[in-house]
Amino acid sequence: MAYRPSKRGRHPHEEGEANITPMMNLMVVLIPLLLTSAEFVKLGVIELNLPPAAKGPAGQQLEAMPSEDIQKLDLTVTITDRGFFISSSLAVLSGNLQGEPTIPRFPGETGSRAYDYATLSDKLYEIKSRAASSYPDTEQIIILAEPEIDYQTLISTMDASRSVMKEGKRESLFPDVSLSAGVF
């Protein structure tokens with residue numbers, strides 16, 4: 001004997017709208033968060049210049065080479081484990097003894113605290129004031145670092161070479177910083 005299914009156990013299928021309120025709440029929070037984090041990423045960028053390429057593909061000349069009669073300063077700060085060496089195309093500023101760094105490290109200190117950035121800025125200010133009328137490249141500086149030098153030391157050296165405080169005013173030193181790779 002066949003039984004008929006009960007009508008009492010069945011409920012008609014109701015179609016309703018999806019609840020999108022939680023998704024809207026999530027978007028209200030995420031959009032401002034993404035916009036503010038994009039601004040913080042932009043603030044963390046360090047501007048520096050890479051040396052230009054002299055020749056393009058197949059040996060084509062890309063830009064005019066500087067003439068040999070124009071004397072350039074080509075100021076370089078080399079960061080070593082012994083301290084800062086300041087040099088130019090003309091000479092190397094030596095320390096107290098021949099072969100010593102121009103600005104030695106602080107004894108007993110480690111990391112970026114071992115370097116004297118204030119003296120570096122003062123020395124660069126002195127160089128810029130003397131070379132401003134004689135050389136065309138008094139806005140450029142090249143920073144060379146040994147492979148063992150930590151990142152914070154490199155960044156602090158870049159900051160010290162860009163400007164200095166003199167008599168309560170910020171004086172520009174060498175705002176065009178280039179990084180170089182090489183053997184010292």
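Worth pointing out:
- The fewest-to-most ranking of Val77, Val177 by surrounding Cβ atoms within 10 Å reads Val177, Val77.
- Local electrostatic count, Glu148, Cβ distance below 12 Å [Lys/Arg +1, Asp/Glu -1]: -2
- Computed over the stretch 71-180, Kirkwood Rh from alpha-carbon pairs, angstrom: 14.1
- Computed label-point distance, nm, for sites Lys169 and Val29 using a 7 Å Cα→Cβ extension: 5.1
- Ascending count of other beta-carbon atoms within 10 Å, so fewest first, for Asp116, Asp81: Asp81, Asp116
- Fewest-first ranking of Tyr3, Tyr151, Tyr115, Tyr125, using other Cβ atoms within 10 Å as the exposure measure: Tyr3, Tyr151, Tyr125, Tyr115
The numbers here are math on the coordinates, done by the rules we state, and not lab data. Keep in mind the model is a prediction, meaning the values are calculated, not measured. Positions of Cβ are generated from backbone atoms using ideal geometry, with glycine treated the same way; all protein chains shown enter the neighbour counts.
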